[in-house]
Structure formats: C-alpha cells, structure tokens
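S.K.: Before anything else, here's the structure in question.
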Amino acid sequence: MKKVLVLLFALGVSASADETVAWRVPVDRVVDGGVNNFRVTRLEKPPGESVFFKKGDELWDLSEAIEVWVESIWDPGDFIDDPFAPVEDPFTPSPPKKKIETRGFEGGFVVWNATSEMVIVRGDPLQQSFVEQVVGIEELARNLNLAIDVRSGDQKPKILSITCRSGETATAKAPGMAIEVRPSLSWDMDWGDVAMALDVGDEENSYSINAAVTVKRGERRRFARWTEDGLYHEAGVTFGVVMAWGVPLDEVRLVEGDQGVTPLDRVHKWDLNGYKVGKNLSVRVFAVPPDFLLRIGMPDGELRPLVIPEELRKLIPVGLIDASPALKSNGVKFEMPLAVAGFDPRSAVLVVVNDPVNLDLVEQIAPQDTCGGPKLAELTFELEGWLASLAVRSGEKSTLARYSGGKEEKLLEVAPNIGSNEVVVDANFRVRLPDDSAALNSAVTLFSGRPMRIGGKDGEEMTLTAEVIPVGDHGH
C-alpha cells in the first residue's frame, strides 16, 4: 500500500471537468510492487478511448491497488491512538485528535501502460490530485540541466552544459570556455538560483565573470553583456529539470485535450495578473503551498468544487476548489457578484477575483511568491567606448573582468540591494579602467531606469544605470 498523508481530499468530494492525464513515472512509485501487486490485474482492452492507448499496448488496472492514508481534520468518529505516545498531563488540555483512514481511487480509471511506461488516469481535478499526491513528483529524485552560452556579434554561440543535483557544485571545461555552477532549485521546481563563474577567451584576451541570478525554468537569463572594439557580447544561462529516470520534468505530466497531448504544466499556467473584470474587480494569482487551504483554516464541511460564474468561464476554464470559505474565515469579503477564489491543487495556485481592498488582504494571507515572481537588478556602466552590464540578485555581488596577457585590464563589480518598492536600488560598485587610468569605488542610490553620473575622465562622463527586472520578462 502506498502510504501518503493527504489532507485536502478527506471528504471525497468531486468536481466537474474530467480529464485524462498521464504520468511518466515508474509504476512502483504508484503501487507497491508494481504489476506484481496482488490487486493489480491485466486488462484485455483499454478501459476507455484515449490517445494514450494504442493497439497492442500492455495494460494493467491499478485502481484497486492505489491507497493512501488520509488525515481528516473535519470528520468525528473513531480515532487511531498511538500506543507509544507519552502519558498525557491531566492538567493540560489535550490537542484534538485526528481521524486517520485509508482511501482508494474513486475516479474513472488508473491504468499502467507498460508499453509506453505511463500511468494513465481518468478523473476530475480532485481525483487527479489524489493520484498526484500518491506520485509525489516534488519528492522524487531529479537533477538540473544547466547551459551557459556566450554570444559575440553574429558569431556562432559558445555553449557549455552540465547536469548536477540541486545544492551541488559542478564544473565543465572546453577549449576557450570554462564554467563552475552551484544551482538551488525552488520547492515547486519553477525557479533556480544559480551562482556561477565563467571564463571565456584565450591566454591573450579573456573575460572572467562571477554572477548569481534567479532563472525561470526553461527560459534564458542574460547575466552579463559588454562591448569590445565595437563588438557586442553577452552571456546567458538556461536550466531545466530532468527526473532521475531520464524524463524531463516538462514531460512527466501530460494531459489529453482538443489540441492533442500537452504538458500539464503548460495547460494550467495562470498568467492572469491584473486582468480586469468589470469596473471594480481584477484578478490576482498567488503561488502557495499545496496544503495552503488547511494552513489558513478551511472551515468544517466547506471543501467543495468552485462554481465558476458564466462570465468567468473563458477566464478560468478548469475545475478548481472553492477557496472563499477559507479566505472568509480570515476576514476576506466576497460581496461583488463575480468575486470568487479558486485553488488549483495540481499547480498549487490560488486565483482570486475581487476588489483592490480584498486583494490586498489576500496578499497578506498568501504572501508566498505572489504573482510577479522574483526580481533581479541589472546595472550598466558606460564610458565612451566601453559598456559593461551585470544582472544579479538583490544582496549578491557580481563581477566582470577583462584580462590581457594574463593581467587584469578592466573591472566592473556591483552589489545591489533592491528597495521594497522595487523602484529604488542601493548599489555598491567598483570600476577599474586599463592601465589604472581611472578607478572608482563608491555607493549610490539609483532610480530604476534612470542613468546616474558617477564620475568623469578627461571630460568624458561615466554613468551607472540600474534596472529592476522581473525574472522571465527581459534579457532573453
């Protein structure tokens, strides 16, 4: 029996909008013993029509074998006592006990396709989430694929890539290029913090860059750019996640739809921030923990599917759990006819349609990774004939140095701190020009997007410009 603690589905409620979803995971992850489990039976034919079933596929029914442990915080009844628990103090109130029981799958079907090595599930969003909890993608072993590229004018980019675990240091070297990286993956696997060192060039002329940036999975992040002899150069980093059995994360969960098979993550992306609904309402999206509704106190007996108003069906097309009872218990009001709140358990996203006052209150309740995502500061130094720019996380230091004949010739070093309003940037910087013809070491406050004169040399102005960049929006 697969032993997983499931909190959200203790009531066994269901929602509309059945889907067929496939997980490319080992069958042993879903059912102990895989096809050798005595509750798993061989199917003579597919249980329904689906693009995930082909003629001649070897199919196994898993629906009777999937079980989870459910911790219910709502239902009264018999409780399982821990015989090894310490004796309770008779003068101290005991915490409320919780009912624990096992639940099976109650959707359409769960099938292991041994030919394509997929677990195929038919059911509504809550039933899909039941299997999602069993699979536990976030708990499975994975690696990060990182690629660092250097582009110089119209020349073919130099690219060096490496695979490593989150939190580990890895190095790679090739003629004319060497890298050292240390990535850290976010809990939802959508973001990576990457600290890196890059050396590019030859013994005569080379650049050395140290940077620390946040990167959105699957998107390129430029972290350095510079000009030299009229030629423009830039360096960027990209990362992806690959599971330990060799399947990219983007291809682990696939959903069948009108357009064929699509990665589930792409179907349920919520890019609705600031979308206006009527005159007074707008949409705000929050990335929250998977057990968010329980954390903020879902009232007893209130777990149910969200009834989406007809006017919002094109905006919110998939089944969600109604999050308004939990938010109401925290003081949020839903007084307007189209004011709603829904939780998508598959992507751990809270979608709220409400007026500005109540949206601000929700933001205080659910502050984790709200909508906009992380930000970087890109600082650009300019002096006639030379431009150098570095993108870096707030509170980190980044450097770009040019070497000629093994001697450091130019240097830009920046250490920015982004203000809470994401408009003002406090920046410490250090600049050195060839032959020590000029050197600056100072700290300034900059307004995002506005150049600041930081010094001069022989009548030429030196400027520093800071720009606050939402990760995923610029520098691709």
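The values are calculated or read from the model by the stated rules, or taken from the named source; none is laboratory data. For clarity, every value in this text was computed on a predicted model and none was experimentally measured. Using ideal geometry, Cβ is built from the backbone for each residue, glycine included, and neighbour counts are taken over all protein chains shown.
Rundown of residues vs (1) at pLDDT 85 or above; (2) in contact with a helix residue (DSSP H, G or I) (Cβ under 8 Å, 6 or more places away or on another chain); (3) not in a loop (DSSP other than H, G, I, E, B), yes/no style:
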| residue | (1), (2), (3) |
| --- | --- |
| VAL241 | yes, yes, yes |
| TRP245 | yes, no, no |
| ARG266 | no, yes, yes |
| VAL307 | no, no, no |
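S.K.: Within region 387-400, track down each residue that is of a type outside the set (Ser, Thr, Tyr) and buried (at least 18 other Cβ atoms within 10 Å of the Cβ).
M.R.: ALA388, LEU390, ALA391, VAL392, ARG393, GLU396, LEU400 - these are the residues of region 387-400 that are of a type outside the set (Ser, Thr, Tyr) and buried (at least 18 other Cβ atoms within 10 Å of the Cβ).
S.K.: Look at GLU413 and say whether it is under 15 Å from ALA388 (Cα atoms), touching a Ser or Thr at 6+ places or on another chain (Cβ under 9 Å), in contact (Cβ under 8 Å) with a residue 12 or more places away in the chain and of a type in the set (Asp, Glu).
M.R.: yes
S.K.: Since SER347 meets every condition but one in (1) more than 25 Å from ALA22 (Cα to Cα); (2) among the hydroxyl-bearing types (Ser, Thr, Tyr); (3) at pLDDT below 80, which condition does it not meet?
M.R.: Tallying (1) more than 25 Å from ALA22 (Cα to Cα); (2) among the hydroxyl-bearing types (Ser, Thr, Tyr); (3) at pLDDT below 80, SER347 fails exactly one: (1).
S.K.: Also: Restricting attention to region 113-149, and to residues there that are assigned to a helix (DSSP H, G or I), surrounded by 19 or more Cβ atoms within 10 Å (Cβ to Cβ) and hydrophobic (A, V, I, L, M, F, W, C), which single residue is modelled with the lowest pLDDT?
M.R.: Across region 113-149, the extreme among qualifying residues is LEU126.
S.K.: Among residues belonging to region 14-31 that are part of a loop (DSSP other than H, G, I, E, B) and surrounded by fewer than 15 Cβ atoms within 10 Å (Cβ to Cβ), point out the one that is modelled with the highest pLDDT.
M.R.: This residue is ALA17.
S.K.: List the number of the failed condition for ARG453; all other conditions in (1) exposed (fewer than 14 other Cβ atoms within 10 Å of the Cβ); (2) over 23 Å from THR227 (Cα atoms) hold.
M.R.: Single failed check for ARG453: (2).
S.K.: Now for a different question. Give me the residue from region 401-437 that is surrounded by fewer than 20 Cβ atoms within 10 Å (Cβ to Cβ) and of a type in the set (Val, Ile, Thr) and, out of that set, nearest to ILE469 (Cα to Cα).
M.R.: Selected residue: VAL423.
S.K.: Going through VAL277, VAL285 one at a time, which residue ends up being touching a Phe, Trp or Tyr at 6+ places or on another chain (Cβ under 8 Å) and under 18 Å from GLU363 (Cβ atoms)?
M.R.: Among VAL277, VAL285, only VAL285 is touching a Phe, Trp or Tyr at 6+ places or on another chain (Cβ under 8 Å) and under 18 Å from GLU363 (Cβ atoms).
S.K.: Another question, then. Pick from VAL392, VAL431: which is β-branched (Val, Ile, Thr) and within 27 Å of GLU204 (Cα to Cα)?
M.R.: It is VAL431.
S.K.: Hey, another quick one. Counting only residues that are over 30 Å from VAL288 (Cα atoms) and among the polar types (S, T, N, Q), give me the strands (runs of 3 or more DSSP E) lying completely in region 150-227 with at least 1 of them.
M.R.: 158-164, 170-174, 205-216
S.K.: Does ALA235 satisfy the criteria of being of a type in the set (A, V, I, L, M, F, W, C) and surrounded by fewer than 18 Cβ atoms within 10 Å (Cβ to Cβ)?
M.R.: no
S.K.: Pairs needed: first member in region 233-255, outside the structural domain of GLU117 (by TED's automatic domain parsing); second member anywhere, assigned to a helix (DSSP H, G or I) and of a type outside the set (A, V, I, L, M, F, W, C); C-beta distance under 7 Å; at least 6 residues apart or different chains.
M.R.: Within 7 Å, the pairs are ASP250/ASP265; ARG253/ASP265.
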